[in-house]
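Contents: one structure, followed by commentary.
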Amino acid sequence: MSSLVGTGALVRLALRRDRIILAAFIVILVVMVAASANATIKLYPSLASRLEVAATINDATATLAMYGPIHDDTSIGALATFKTGMLGAVAVAVLALLIVIRHTRTEEETGRLELLGATVVGRHAPLTAALLVAGGAGLVSGVGTAVGLIAVGLPTAGSVVMGLGFVCLGIVFAAVAGVTAQLARSARPAAGMAGAALGVAYLVRAIGDASTANGFGWISWLSPVGWWQQSRPFAGNMWWVLALMLVVAVAVSALAYVLAARRDFAAGLLPDRPGPATASASLRSPLALAWRLQRGSLFTWAATFATVGVVVGGLVSSVGNFANNPQARDFIIKLGGEHILTDAYLALELGIMGILAAVFGVRSVMRLRAEESSLLAEPVLATAVGRVRWAWSHLTVALAGSALLLVAVGCSAGLVSALQLNDPGLGVRILVGALVQIPAAWSVIGIVVAAFGLVPRAIVIGWVALLAFVLLGEFGPLFNLSQAVMNISPFAHVPRIPGGAFAIAPMLWLTAIAAGLIVLGLGGFRRRDVG
Amino acid sequence: MVTIEKLNKSFGSTRALDGLDLEVNAGEIHGLLGPNGAGKTTTIRVLLGLLRADSGVARLLGGDPWRDVERLHRRLAYVPGEVTLWPNLTGGEVIDLLGRLRGGLDKKRRADLLERFELDPTKKARAYSKGNRQKVALVAALSCDVELLLLDEPTAGLDPLMDAVFRECIVEQRAQGRTALLSSHILSEVEALADRVSIIRDGRTVEVGSLAEMRHLARVTISADLAGAPAGLTTMPGVHNLRVDGNHVEFMVDPDRLDQALVALTSVGVTSLTSHPPTLEELFLRHYGDESSGAQAGQVATS
């Protein structure tokens, strides 16, 4: 197997480079899953209370779409992990696909792999090493999760299925990333394609799970994320579904190897076509350049947001009216919703879209740092373009793009909902509910800009902050964190619309904070060294 | 055009520039010569306002490179040593974009340069080799109407043919009255192009002057076939690296002892003689002698 020579060395290199981020990810994942299971067990000591809550969850379209159903309403394990299970499995899948892209296409694109490739490294060693590291990271995450769940007192079999499910979903998307790394020439679109595949899988499962009552539950089976859901940890432990996932992962990996063997180094599968010999008249400013570099990604995101809006709006008619007993209500409040109603469902989904819009914003504005460290900023800054004007280029795309995404989802969800329920007023409320997310997303962008200007080497602060806000919003109530702590997240201040009352004040001061952070960051960037 | 006095710049505990001086006169091609890590790129990045000097003076085209960025950058063009391009833009698009951001480019000259550098502007940047990426940066810089060119090891990756084209272009630019600061560790390039040279080392300027001036200070190499065995050279002060091979001698001699050495040779009888002035390489080694190892370094390290 000379094509695999050097795999071991590459695995060690990858582990050396990623040791901190991998360790941090796994610890956070295991602690979150175990701690939230522990908190849930304490919250619902009696069988009666669990039955009630499980019924509520299984009746609510919002929770079905987000996290999937609880397959066994008597199982404390199923209840204790219904949220962290889905989020954890998806998080492991994201980690796995990012690892694979990072150690294959990114390395190839930057030319570092060429450096290694000239040493004794087999043709298939990089892909194999990346898959091994991703699989290994998934395995450690899964084992840690299983041990954590057993430690808080949940049944062993269910805990193991949960852990193995994480591993399997991770491996499936590692393999998917292995394929997209061969298709795309650059790391960004490769990661984007793999991420889109995960997004589609999640969405398909959401549609299936949310429309089980209407007889469309089978749709979930079209999605690997749905398969994970159907492994039913603590609720039947369907081991064979995990085997199915492994088979698919192996098949997809095999495809990646076939594709890898059929292309040249640093090339994609699609040949490069010649482009224009001269720039179009509009390509004459840093903003035009940023737009040119990001428009493809923004179009994809916008199309995705519009599609999600259609799905969210389409499910609105299947949102039932639920038991209004205090306990169920209490649990739904802890889920983040205020009423077990259509409004709560919509507000919850729009809140998630707000976070996803912030994800786009962070990615987009981090382009500034990427351009700087890859020396692409230098030739532009050597022309008659000042630093601040240059920085505003990607920043403008980030701010306007994240707002555009929320407009897209607000319009599509609003339109579809209004048609479904024949209620134009609801459509308008949904659009407003999407628009109120904008200042919160902007303030996260502001954090990135501040980091870029003041501590450019620590720009990852942007992602850490966003992750912290998501964890606070998702799990703060479950852990009974004080409101003051949860208020750290800008998303905690967004009015929940539809349902809640619109308030202008948080909109204004969130925007002011975003503006302040941007001013701070740009001020810092003006004063520091570039490079 | 460029004045730098006692410029200091540290990155953490590393001193990149340690009291560097540099003076580039209008209309000249000024070579900035030094090995890797001497501070050439740092100097140019200070002049571009990308780095802020810790202390010292840096003036460029009569302005402050840190404050007057936009005004000054309209009047200069820059070619980085390591060219990275946006992978999904074509070379032609990059040339136009950078030209427009600088304030406009000369379309005729752009076409002419593309032809001379044999660069296909329709290729996506990701498909270019290192040399071709370098050509994109060169065409973008040279097709602009500017007063000053800042060239940071601009020929890295160019083949000898393209290297010759580059030299032609720079000579033309000088004929049109432009000034260039050319950083390089390639001695022959600086030797062929530069009117004056600043040799820098460890962030300090160790020697400035025209090549003629520098050569005046450095030893001449003599190689001669004599009628008989050489006499008197071994003990003569100012003669270095003497190698005797039968009736053939090779040695270096200090300029003020040249006459004396020639007398010694002609007293034996000379059948053939070649002499050549010090190459830049030899000048260079004079300043780096203690870093290089081997015979040659030992021979020339005493100045």
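The values are calculated or read from the model by the stated rules, or taken from the named source; none is laboratory data. All values derive from a computational prediction rather than experimental measurement. Here the Cβ positions follow ideal geometry from the backbone for every residue, glycine too, while neighbour counts run over all protein chains shown. Note: accessible area is taken over every heavy atom of the protein model, side chains too, but ligands, DNA and RNA are not part of it. Shrake-Rupley method; radii C 1.70, N 1.55, O 1.52, S 1.80 Å.
Some points to look at:
- Criterion violated by B:Asn132 - all others in (1) farther than 25 Å from A:Val388 by Cβ; (2) part of a helix (DSSP H, G or I); (3) within 11 Å of chain A (Cβ to nearest Cβ) satisfied: (3)
- Members of the range B:112-144 found to be hydroxyl-bearing (Ser, Thr, Tyr) and under 25 Å from the mean Cα position of the chain (by Cα), listed by number: B:Ser129, B:Ser143
- Candidate set from the range B:74-83 (those that are open to solvent by 40 Å² or more (accessible area, probe 1.4 Å) and either closer than 25 Å to B:Ser184 by Cβ or modelled with pLDDT of 95 or more (or both)); member that is farthest from the other protein chains (Cβ to nearest Cβ): B:Arg75
- Among the residues of the range A:432-455, some residue qualifies, meaning at least one is of a type in the set (S, T, N, Q) and under 17 Å from A:Ile518 (Cβ atoms).
- For the range B:104-116, the criterion of a residue being without any contact (Cβ under 8 Å) to a residue 60 or more places away in the chain and facing chain A (nearest Cβ under 8 Å) is satisfied by no position.
- Condition met for A:Arg284 (charged (D, E, K, R) and within 25 Å of A:Pro69 (Cβ to Cβ)): no
- The range B:1-46, subset outside any helix (DSSP H, G or I) and among the hydroxyl-bearing types (Ser, Thr, Tyr), residue nearest to the other protein chains (Cβ to nearest Cβ): B:Ser10
- Count - residues of the range B:47-73 that are crowded, with 19+ Cβ neighbours inside 10 Å and either in contact (Cβ under 8 Å) with a residue 60 or more places away in the chain or in a helix (DSSP H, G or I) (or both): 7
- Here the range A:291-313 is the region considered, the condition is being open to solvent by less than 30 Å² (accessible area, probe 1.4 Å) and at pLDDT below 90, and the residue that is farthest from the other protein chains (Cβ to nearest Cβ) is A:Gly313.
- Total residues in the range A:116-128, condition out of contact with any Lys or Arg (no Cβ under 9 Å at 6 or more places or on another chain) and either assigned to a helix (DSSP H, G or I) or at positive phi (or both): 5
- Assessment of the range A:27-36 against the conditions (over 30 Å from A:Val121 (Cα atoms), among the small types (Gly, Ala, Ser) and either open to solvent by 40 Å² or more (accessible area, probe 1.4 Å) or free of Cβ contacts under 8 Å to residues at least 24 places away in the same chain (or both)) yields no matching residue.
- Condition check for A:Ala505: at pLDDT below 90, surrounded by fewer than 15 Cβ atoms within 10 Å (Cβ to Cβ), farther than 30 Å from A:Pro379 by Cβ and away from every other protein chain (no Cβ under 14 Å): no
- Restricting attention to the range A:354-376, the residues that are assigned to a helix (DSSP H, G or I), of a type outside the set (A, V, I, L, M) and open to solvent by 10 Å² or more (accessible area, probe 1.4 Å) add up to 4.
- Residues located in the range B:91-100, provided they are facing chain A (nearest Cβ under 7 Å), in contact with a helix residue (DSSP H, G or I) (Cβ under 7 Å, 6 or more places away or on another chain) and open to solvent by less than 10 Å² (accessible area, probe 1.4 Å): B:Leu97
- Of B:Val165, B:Val171, all but one fail to be open to solvent by less than 30 Å² (accessible area, probe 1.4 Å), more than 14 Å from chain A (Cβ to nearest Cβ), farther than 30 Å from B:Ser13 by Cα and part of a helix (DSSP H, G or I); the exception is B:Val165.
- Any hit, the range A:377-385, residues being open to solvent by 10 Å² or more (accessible area, probe 1.4 Å), assigned to a helix (DSSP H, G or I) and modelled with pLDDT under 95: yes
- Subset of the range A:55-106 that is open to solvent by 10 Å² or more (accessible area, probe 1.4 Å) and free of Cβ contacts under 8 Å to residues at least 40 places away in the same chain - its residue that is nearest to A:Ile219 (Cα to Cα): A:Asn58
- If the condition is being of a type in the set (Gly, Ala, Ser) and surrounded by 15 or more Cβ atoms within 10 Å (Cβ to Cβ), then the range A:487-502 contributes A:Ser489, A:Ala492, A:Gly499, A:Gly500.
- Hey, B:Trp66 under 25 Å from B:Ala140 (Cα atoms), at pLDDT below 95 and more than 8 Å from chain A (Cβ to nearest Cβ) or not: yes
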